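The values are calculated or read from the model by the stated rules, or taken from the named source; none is laboratory data. Only a predicted model underlies this, so the values are computations on that prediction, with no experimental measurement involved. Counting neighbours? That spans all protein chains shown, and the Cβs are built from the backbone with ideal geometry, glycine included. When the accessible area is computed, the model is the full protein with side chains, heavy atoms only, and any ligands, DNA or RNA have been set aside. Shrake-Rupley method; radii C 1.70, N 1.55, O 1.52, S 1.80 Å.
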Amino acid sequence: MDQARTTVSKIFNGEPRSYTRFNLTQNMEGDNSHVEMKLSSDMDDEVEANGVGENTNQHNRPYYPSKLNQRSPKTVCGCVIGILILFIIGYLIGYLCNRSTDKTEIKSDCPVFNEITPVRAEPVYSLDWSDLRALLKKKLTTNNINSNLNASHQAGSTGDEALANKIMGKFKTFGMSTWTDEHYVKIHEPGSSNNRVLFRGNIVGTTEGYLAYSALKTVQGAALYAHYGRAGDFKRLQELNADINGKVVLVRAGLLSFAEKVSNAASMNASAVLIYPDPVNYNIKEDTALFGHVHLGTGDPYTPGFPSFNHTQFPPAQSSGLPSIPAQTITIRQATEIMSKLGGRTSPDDWSDGMLRDTMYKLGDDGDIITVEVKNVLIQKKIHNVFGVIKGYMDKDRYMVIGAQRDAWGPGYARSTVGTSLLVELARTITDMIKNDGFKPKRSIIFASWSAGEFGSVGATEWLEGYLTSLNLKMFSYVSLDEVISGFDTFKAAASPLLYELLENTMKQVLMEPMGLSHSAYPFLTFSGIPSLSFRFTSVTYPFGTIEDTDQNLERYTSYNTLKLAKTAGEVVGLVTLRLVHDHLLKLNVAKYTSVIRNYVSQIRSKVESRQTTGRLPSTVTMQWLLSAQGSYDRAASALVSAIRNSDLDDMEQCRIINNRIMRVEGSFLSPYVSPRESLFRHILLGSGSHTLAALVHHLEAIKGGLESADIDQFKNQFALATWTIQGCANALAGEVWDMDNEI
């Protein structure tokens, strides 16, 4: 417990700097106070006809006809002079009044000033950053988090719908605008008879777990142990001259998603995959079953690239990420029964550290026949996503989203219950700060409760697909609350590089990890091009996707500090959120992508030159344009940083223009040359597929080895498209077309 307290106490930085430019004085803690102005509702009518008053009074007097010949020349001359003097005095008074009005300086929270009718502004004092931090910590309480904890339910069940309604009711109680969307999605459930695994003709234990979206078939083949099923593990088997073709591969759970394990095995022509939890990774009972999915993608795999709304008449389609081979989970007891009897050669030394203590693992031989029967049933379910919004006071059409998965297979306490509770508590806390403490977020905050997350972020991805063309133009960030607590001694985060600096300023002792398919924020970043963040407090491998994901077990894994850690996690999200909606400029650092691009370009350049030296790549493949694109992005990022430094950040319109340029970056890294139906994760730096820079590096390796997958013409095409995607991102960041001078 002392270790947990120490870890949490080290998490936060000291008082962060205030980034606002409305600085007046500094408070005792060193944070900058500031004052903001907004347009007053009272407007002065300054459009008056000078001199009209006098004319009107003159015309309202009784009219008496007179004759000029009755007046003397002196009288007439005096009248004319008097009228001229009055006219000049009136003109001067009007001119001076208008001139003084024009010089009045008006600072406004409105993004665009009214250019027709001048208005006067009244000062409205807003909370400074230290006030906001203190309020968040005060109002976000463990008691409220605990009261929100509710049981999770399977996606599409009556319990899932009831929980959705309860969350919506909470949002309404907080005074938020709410709405839902519903989708009709296809998911797998176990059939009337269990899936089965046979070893040498005998049934091995009871198979209770299952993997959604597995191929539905029965296959038979010799066993082959492949460690974790990583690409490197299969490469090592090839180096040992092991035949993978047609084998039933046994792999440990962990290190990468079930879907990636199955995809790797299928690419090597394996016939089936069995996944088991090894005691070296999982501290669970021998008969505890695993649940998961094996779709190498997210969303409903039977409506790839478009949303699963009802009554849509799309032609039959399926995701390219669906596996062609069956996959099944087995328990520790089942795996032990098989692995202890395998023959064949001994596995590598570092593959034998698991359940067969003091015994070297064997790879298996041709007599170790395994039969895998997968009989899952594909059904259609109606699911609901629930939303509540806090609208911004300035740029309410710009928003961030905080989301949490609501459903779970089994108890799902750490998987979804904690995240859903935090979602509701953060919504309550921020709305309370607005109602009672004067906080006015400049931008909007959407709180989203997703369904069918267990099947690969289905609810969230269907929503993204429904607004594919517009979200990255208005949504500037996504923060996931899924699986935020599964331990206590390590804080890990996966995020867009644009968010690195903000996260580092919010926390310390952050262990950054690559964002992958197992992170629920992944489709937001790589499919929709929205800067995203996923984080977790963790220790050893937690039993997600099992019946052991309970509140009692989570307490044990967190050293009985679950609520304290939940509050800390809520503060992390709250501080990131408040910073993104409080400051005039979005705290997204575009320069952070410079090193990512440079690293890839350096790898590609080295390998291209090496392949050209050996004659495997023609000299016509030049690095000139890729280096030029890299330079363009570097210059555009530097220019934006300079523009921010030299701009008047009291000018709200100028801030909005800069923010628009920042928001273009992530979405511009989505390749426009691939279809979302074929390559869902289109981000060329962080996504997956042949369009990515990582794929170019792998392709150059294939060319070096003379592999069948090597295709020089295809490489040249991918090389050119990736180059122009980077150049296009640089152009979007640079500003307007008249600010550029690019040679195309």
| Tally, over segment 383-423, of residues that are of a type in the set (A, V, I, L, M, F, W, C) and either open to solvent by 10 Å² or more (accessible area, probe 1.4 Å) or over 26 Å from Leu554 (Cα atoms) (or both) | 9
| Residue selected from segment 424-457 under the condition aliphatic (A, V, I, L, M) and more than 15 Å from the chain's Cα centre (by Cα), by the criterion surrounded by the fewest Cβ atoms within 10 Å (Cβ to Cβ) | Ile434
| note | Taking segment 533-565 and keeping only residues that are open to solvent by less than 30 Å² (accessible area, probe 1.4 Å) and touching a strand residue (DSSP E or B) at 6+ places or on another chain (Cβ under 6 Å), one is left with Leu533, Ser534, Phe535, Phe537, Thr538, Gly545, Leu565
| field | Where Thr461 falls short, out of the listed (1) over 14 Å from Phe537 (Cβ atoms); (2) surrounded by 23 or more Cβ atoms within 10 Å (Cβ to Cβ); (3) touching a Lys or Arg at 6+ places or on another chain (Cβ under 8 Å); (4) of a type outside the set (Phe, Trp, Tyr) | value | (3)
| request: Output the number of the condition that Tyr467 fails; it satisfies all remaining conditions of (1) open to solvent by 10 Å² or more (accessible area, probe 1.4 Å); (2) closer than 23 Å to Tyr413 by Cβ. | output: (2)
| said: Suppose the filter is open to solvent by 50 Å² or more (accessible area, probe 1.4 Å) and at negative phi; does Asn589 pass it? | reply: no
| message | Which of the numbered conditions does Val573 fail, given that it passes all the others? Conditions: (1) of a type in the set (Val, Ile, Thr); (2) over 22 Å from Gly254 (Cβ atoms); (3) modelled with pLDDT under 95. | response | (3)
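For every residue, the table says whether it meets (1) under 30 Å from Gln380 (Cα atoms); (2) more than 29 Å from the chain's Cα centre (by Cα); (3) among the β-branched types (Val, Ile, Thr).
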site	(1), (2), (3)
Gly205	no, yes, no
Ala222	no, yes, no
Asp243	no, yes, no
Arg252	no, no, no
Tyr282	no, no, no
Phe291	yes, no, no
| Could you say which residue among Ser308, Ser324 is assigned to a loop (DSSP other than H, G, I, E, B), surrounded by 15 or more Cβ atoms within 10 Å (Cβ to Cβ) and polar (S, T, N, Q)? | Ser308
| field | Cβ-Cβ under 9 Å pairs, at least 6 apart or on other chains, segment 601-616 side outside any loop (DSSP other than H, G, I, E, B), far side open to solvent by 70 Å² or more (accessible area, probe 1.4 Å) | value | Lys607/Glu701; Lys607/Lys704; Ser610/Arg616; Ser610/Lys704; Arg611/Lys704; Gln612/Ser619
| task | State yes or no: is Ile370 touching a strand residue (DSSP E or B) at 6+ places or on another chain (Cβ under 9 Å), open to solvent by less than 10 Å² (accessible area, probe 1.4 Å) and in a strand (DSSP E or B)? | result | yes
| query | Can you name the condition, by its number, that Ala223 falls short on among (1) farther than 26 Å from Asp300 by Cβ; (2) open to solvent by 70 Å² or more (accessible area, probe 1.4 Å); (3) not aromatic (Phe, Trp, Tyr)? | reply | (2)
| request: Could you please find all residues in segment 477-494 being under 16 Å from the mean Cα position of the chain (by Cα) and open to solvent by 10 Å² or more (accessible area, probe 1.4 Å)? | output: Asp482, Glu483, Lys492
| task | Check Glu708, Glu653 and return the single one that is out of contact with any Cys (no Cβ under 8 Å at 6 or more places or on another chain), open to solvent by 30 Å² or more (accessible area, probe 1.4 Å), assigned to a helix (DSSP H, G or I) and of a type in the set (Asp, Glu). | result | Glu653
| Failed condition for Tyr228, given (1) closer than 27 Å to Ser688 by Cβ; (2) among the aromatic types (Phe, Trp, Tyr); (3) part of a strand (DSSP E or B), with all others met? | (3)
| request: Among what's in segment 140-162 and is assigned to a helix (DSSP H, G or I) and touching a helix residue (DSSP H, G or I) at 6+ places or on another chain (Cβ under 8 Å), pick the residue that is most open to solvent (accessible area, probe 1.4 Å). | output: Asn146
| message | Looking at segment 454-481, I want the residues that are closer than 20 Å to Lys587 by Cα and have a partner that is assigned to a helix (DSSP H, G or I) and among the acidic types (Asp, Glu) with Cβ atoms under 7 Å, at least 6 apart or on another chain. Which pairs are those? | response | Asn472/Glu666
| note | Residues of segment 505-532 being assigned to a loop (DSSP other than H, G, I, E, B), open to solvent by 10 Å² or more (accessible area, probe 1.4 Å) and of a type in the set (S, T, N, Q), in sequence order, are Gln509, Ser518, Ser520
| remark: Matching residues in segment 665-686 (open to solvent by 20 Å² or more (accessible area, probe 1.4 Å) and in a loop (DSSP other than H, G, I, E, B)) number 11
| query | Of the numbered conditions (1) under 28 Å from the mean Cα position of the chain (by Cα); (2) open to solvent by less than 60 Å² (accessible area, probe 1.4 Å); (3) modelled with pLDDT under 95, Ala231 satisfies every one except a single condition; which is it? | reply | (2)
| said: assigned to a helix (DSSP H, G or I), under 30 Å from Met268 (Cβ atoms) and either open to solvent by 30 Å² or more (accessible area, probe 1.4 Å) or without any contact (Cβ under 8 Å) to a residue 12 or more places away in the chain (or both): is that true of Asn717 in this structure? | reply: yes
